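Okay, structure first, notes after.
The values are calculated or read from the model by the stated rules, or taken from the named source; none is laboratory data. Bear in mind the structure is a predicted one, so any value in this text is a computation, not a measurement. A quick note on method: Cβ atoms are made from the backbone with ideal geometry, for glycine too, and the neighbour counts reach across all protein chains shown.
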Amino acid sequence: MFHTIPQAMQDRMRYLEEIDTRDRQDGTAHLKRLRQIPAETGRFLALWAASAPDGRWLEIGTSAGYSTMWLSLACRAVGQTIETFEVLSEKVALAQETFARASIEDVVSLVHGDARGHLASVEDVAFCFLDAEKDVYEDCYDLLVPLMVSGGILICDNATSHEEALRPFIERVLADERVDATVMPVGKGELVIRRI
């Protein structure tokens with residue numbers, strides 16, 4: 001996966017990394033920032049996704065499509081597709097541009113809307129990456145866990161960078177007997193959840 005990243009994708013990754021770095025340095029408005037994962041988290045996600053059991057792949061919180069590019073590498077490696085959800089129009093437009101420039105439109109389906117309104121029609125979730133506003137994590141978790149296949153993986157971003165805000169949610173997940181879970185010190189902290 002990582003040894004054959006197409007040049008167009010590498011170029012787009014670099015472009016989005018530069019925007020993200022600039023936005024963080026100049027304090028761009030909270031909702032307008034890309035707020036994307038670092039590259040190390042992208043690799044981490046792709047490895048987990050490529051190891052997921054059979055079933056559907058989802059991403060909640062597309063932003064400009066940076067994490068989706070990493071996940072598309074796993075899609076190509078195992079013959080999978082991913083459906084990604086984004087609520088903000090300006091980020092949907094950026095993501096569409098990303099997917100076109102990276103030539104991954106054949107493995108990525110972008111939905112403009114709140115994933116919570118679409119999950120009722122989803123089943124057999126084998127992998128999901130959740131990186132949205134932190135106040136929706138619990139709702140998404142409650143909707144997703146019953147939909148997950150045995151061995152399915154759910155990874156939630158910002159488990160350490162937003163530890164104070166997410167602590168009650170993380171403690172609840174760690175105590176949930178339907179899953180095994182742990183926090184991994186990768187990037188901004190990843191809560192890795194495996195459906196039993």
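Side notes on the structure shown:
Rundown of residues vs (1) among the polar types (S, T, N, Q); (2) closer than 15 Å to Thr84 by Cα; (3) surrounded by fewer than 18 Cβ atoms within 10 Å (Cβ to Cβ), yes/no style:
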{"residue": "His118", "(1), (2), (3)": "no, yes, yes"}
{"residue": "Ala126", "(1), (2), (3)": "no, yes, no"}
{"residue": "Asp135", "(1), (2), (3)": "no, no, yes"}
{"residue": "Val149", "(1), (2), (3)": "no, no, yes"}
{"residue": "Leu154", "(1), (2), (3)": "no, yes, no"}
{"residue": "Ser161", "(1), (2), (3)": "yes, no, yes"}
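Let's see how each residue does on (1) over 20 Å from His118 (Cβ atoms); (2) under 16 Å from the mean Cα position of the chain (by Cα); (3) surrounded by 17 or more Cβ atoms within 10 Å (Cβ to Cβ); (4) touching a residue at least 12 places away in the same chain (Cβ under 8 Å):
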site: Ala132; (1), (2), (3), (4): no, yes, yes, yes
site: Pro168; (1), (2), (3), (4): yes, no, no, no
site: Arg178; (1), (2), (3), (4): yes, no, no, yes
site: Met184; (1), (2), (3), (4): yes, yes, no, yes
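- Total residues in the stretch 150-175 satisfying the condition of being part of a strand (DSSP E or B) and out of contact with any Cys (no Cβ under 6 Å at 6 or more places or on another chain): the figure is 7.
- Any chance Thr62 is of a type in the set (Ser, Thr, Tyr) and not in a helix (DSSP H, G or I): yes
- Filter result for Glu90 (surrounded by fewer than 15 Cβ atoms within 10 Å (Cβ to Cβ), closer than 28 Å to Glu138 by Cα and touching a residue at least 12 places away in the same chain (Cβ under 8 Å)): yes
- Count of the stretch 65-87 residues which are in contact (Cβ under 8 Å) with a residue 12 or more places away in the chain, outside any strand (DSSP E or B) and either on the phi > 0 side of the Ramachandran plot or not hydroxyl-bearing (Ser, Thr, Tyr) (or both): 12
- Some residue of the stretch 176-196 being part of a helix (DSSP H, G or I) and at pLDDT 95 or above: no
- Residue within the stretch 108-121 that is of a type in the set (S, T, N, Q), free of Cβ contacts under 8 Å to residues at least 40 places away in the same chain, under 16 Å from Ser63 (Cβ atoms) and not in a strand (DSSP E or B) present: no
- Scanning the stretch 126-146 for residues that are out of contact with any strand residue (DSSP E or B) (no Cβ under 8 Å at 6 or more places or on another chain) and part of a loop (DSSP other than H, G, I, E, B) turns up just one, Glu133.
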